[in-house]
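The structure follows.
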Amino acid sequence: MVPAARHGQNVGVPRRHDPPDLHRRYSLLAALPWLSLPVPALADETHLRVAMRRAEELRDEALRAGDQPFGAVVLRGDTIVGAARSRVVTGTDPTAHAELEAIRDAARRLRTRDLSACVLVSTSRPCRMCEAAAGWAGISRMVYGEALTDAGAPR
């Protein structure tokens, strides 16, 4: 039996349901087979140190230019394929974070948007936007800070 319609309600139109809770969403994502793929090992620590030194140089360059103190590089094997500093202030672009700019640079240089087998090396932990972009680009691992903290694969 259908209840009587009140003034302003559509008869026979199903009500919108609330989205499932976050725990349920994450359990559904965890069940997807592609999430259980093995994650490639990190590059040799020597190459990571060189990449971090370059990211720190870019961070210092950003500070001298009057921007936020962030730098990032994209490393493929032992080669830096993308590098950038933050351009949020100088470029008046709120999305011009160092990590995003480094991903864009690597994609341009490699002429592909698939950056699987690449590692994002950053002077600080990537924000959610940058981590999402790294995931879309297929970045396999993220490393940040002087201690070369492994942040794992982007989520």
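Can you give me the distance in nm between label points at Met129 and Arg53, each placed 7 Å from the Cα along the Cα-to-Cβ direction?
3.2 nm
Please list, by residue number, every one of the GluC sites (Glu not before Pro) in region 67-155 that is coil in DSSP and has at most 12 other beta-carbon atoms within 10 Å.
Details: sites: Glu99, Glu101, Glu131, Glu146; in loops: Glu146.
In loop regions of region 67-155 (DSSP not H, G, I, E or B), the sparsely surrounded GluC sites (Glu not before Pro) are Glu146.
Using the heavy atoms of the protein chains and a 1.4 angstrom probe, tell me the accessible area per residue for region 43-155 in square angstrom. Please report the intermediate quantities before stating the final value.
Working: 5750 Å² over 113 residues.
Here the per-residue accessible area is 51 Å².
Right, another one. Pop the C-beta distance of Ala117 and Glu61 into the FRET formula with R0 = 35 Å and round what comes out to the nearest 0.05.
Details: r = 27 Å, r/R0 = 0.78.
Working from the Cβ atoms, E equals 0.80.
The values are calculated or read from the model by the stated rules, or taken from the named source; none is laboratory data. Model, not experiment: these values are computed from the prediction. Glycine also receives a Cβ, built like all others from the backbone with ideal geometry; neighbour counts cover every protein chain displayed. For accessibility, only protein heavy atoms count, side chains too; no ligands or nucleic acids. Shrake-Rupley method; radii C 1.70, N 1.55, O 1.52, S 1.80 Å.
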